[in-house]
1. Can you pull out every residue in segment 212-242 that is free of Cβ contacts under 8 Å to residues at least 24 places away in the same chain and within 16 Å of THR256 (Cβ to Cβ)?
2. Going by the conditions given, is THR173 in a helix (DSSP H, G or I), at negative phi and either in contact with an Asp or Glu (Cβ under 7 Å, 6 or more places away or on another chain) or in the same structural domain as VAL24 (by TED's automatic domain parsing) (or both)?
3. In the list GLU93, GLU176, which residue meets the criterion of being touching a Phe, Trp or Tyr at 6+ places or on another chain (Cβ under 6 Å) and among the acidic types (Asp, Glu)?
4. What pairs can you find where one residue is in segment 73-93 and in contact (Cβ under 8 Å) with a residue 24 or more places away in the chain, the other is aromatic (Phe, Trp, Tyr), and their Cβ atoms are less than 9 Å apart, with a gap of 6+ or different chains?
5. Cβ-Cβ below 9 Å, separation at least six or inter-chain, first residue in segment 182-198 and at positive phi, second at pLDDT 95 or above and surrounded by 14 or more Cβ atoms within 10 Å (Cβ to Cβ): which pairs?
6. ASN167 versus (1) surrounded by 19 or more Cβ atoms within 10 Å (Cβ to Cβ); (2) away from the ligand (no atom under 11 Å from the Cβ); (3) within 23 Å of SER116 (Cα to Cα): which is the lone unmet condition?
7. Can you tell me which residue within segment 177-192, out of those that are assigned to a helix (DSSP H, G or I) and under 20 Å from ASP30 (Cβ atoms), is farthest from the ligand (Cβ to nearest atom)?
8. Given the criteria closer than 25 Å to ILE138 by Cβ, crowded, with 21+ Cβ neighbours inside 10 Å and in contact (Cβ under 8 Å) with a residue 40 or more places away in the chain, does ILE155 qualify?
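The values are calculated or read from the model by the stated rules, or taken from the named source; none is laboratory data. The structure presented is a predicted model; accordingly, all values stated were derived computationally and were not measured. As a convention, Cβ positions derive from the backbone with ideal geometry for all residues, glycine included, and neighbour counts pool all protein chains shown.
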Amino acid sequence: METTNRNLEAVARCIREAQTIAVVSHVNPDGDTLGSATAMRMILEALGKDVTLFCDGKIPDQLSFLPGAELFRVPMGDEGPFDLMLAVDVSDEKRLGSAAGLKAKSRQTAQIDHHSTNPQYMNVNSVDGKAPANCILIRELMDILKVPVTTYIAICLYTGISTDTGNFAFGSTNAEAFRIMSDLMEHDLPLAKLNRILFRVKSREQIRLLGKALDSLRFCGEDDRIAVMTLTQKDFEACGALSEHADTIVNYAMDTQHTDMAMMARESHDGKIKFSLRAREPFRVDDIAGQFGGGGHPQASGITMDGTLEECLIKVLRVMEASIASGNQ
Ligand SMILES: [Mn+2]
């Protein structure tokens with residue numbers, strides 16, 4: 001196991017020397033950054049520290065079950081001073097959002113993160129790009145600080161580890177994740193209940209919208225290897241759904257057997273047409289999105305266009321077909 005760059009002893013030293021501690025999650029918070037921060041609050045309070053949780057953004061409803069989720073504050077500029085500012089799962093300084101201002105008001109600054117691109121923007125940096133979730137590092141820190149796992153802490157750590165590994169399905173999932181899970185299970189982790197909240201429950205509007213999208217599913221291109229879904233503004237209205245409810249529906253199209261690329265094209269409330277594109281490796285869609293002024297990752301990209309749904313769809317579809325025909329890779 002590669003732990004040499006974790007440097008968690010140094011973070012533990014900062015914690016021991018501090019009394020008032022600001023723990024910071026990243027903007028657009030996810031399960032890992034919020035699980036890390038809410039676990040850290042209980043760990044630090046077990047050591048008798050005064051903890052304030054910060055996040056420049058709304059805590060998603062789906063994660064409001066995390067113990068202490070209601071304690072997060074949006075930094076307004078009038079807080080502090082603090083003995084220590086500790087960022088968790090924040091890959092670069094920009095993702096601190098308005099919490100970046102806390103740096104100047106903290107005697108010491110430290111971070112725990114697992115993004116290999118992290119530019120080490122704090123005084124003390126514990127960054128392990130190989131860890132599949134930041135909560136893995138928090139669990140190791142607990143051993144150094146000699147704070148025992150409780151059921152509440154287990155709930156936070158499980159949330160981070162399960163969400164960042166795609167429910168233990170991504171290639172990054174490793175033996176250490178399962179070793180830690182085994183230990184969390186020993187502490188009465190309510191696995192089935194949390195799994196349902198994190199990975200299965202959807203709003204009625206979302207499920208209705210999914211039905212419309214599945215109805216629209218068709219297969220195009222040579223050998224029908226491109227899966228296409230569409231949603232009109234009428235569909236959204238009929239379901240009482242919001243644009244964001246369509247965000248991950250394209251994955252259903254992508255999961256269809258014999259599909260190399262998938263797209264979801266939808267009419268946005270601002271009159272534009274939005275595309276979510278997906279590709280199965282070695283195919284890629286970031287260059288296709290780029291041709292229409294969009295962008296993203298090789299296997300997941302997006303485009304916003306002007307025009308009618310059908311005309312935009314045909315334009316993007318033609319480029320996708322050509323891309324698959326040319327071997328794309
Ligand atoms: Mn993370």
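1. Of segment 212-242, the ones free of Cβ contacts under 8 Å to residues at least 24 places away in the same chain are 215-216, 218, 234, 237.
Scanning segment 212-242 gives ASP215, SER216, ARG218.
2. Criteria not met by THR173.
3. GLU93 is the lone residue from the list that is touching a Phe, Trp or Tyr at 6+ places or on another chain (Cβ under 6 Å) and among the acidic types (Asp, Glu).
4. If the second residue must be aromatic (Phe, Trp, Tyr), the pairs left are VAL74/PHE54; PRO75/PHE54; GLU79/PHE54; MET85/PHE54; ALA87/TYR121; VAL90/TYR121; ASP92/TYR121; GLU93/TYR121.
5. From residues that are at positive phi, the pairs are ASP188/ALA154.
6. The single condition ASN167 does not satisfy is (1).
7. So the first thing to find is which residues in segment 177-192 are assigned to a helix (DSSP H, G or I), and the list is 177-185, 191-192.
If we keep only those that are under 20 Å from ASP30 (Cβ atoms) as well, we get 177, 180-181, 184, 191.
Details: ALA177: 12, ILE180: 14, MET181: 16, LEU184: 17, LEU191: 20 Å.
Residue satisfying both the conditions and the ranking: LEU191.
8. Details: closer than 25 Å to ILE138 by Cβ: yes; crowded, with 21+ Cβ neighbours inside 10 Å: yes; in contact (Cβ under 8 Å) with a residue 40 or more places away in the chain: yes.
In short, yes.
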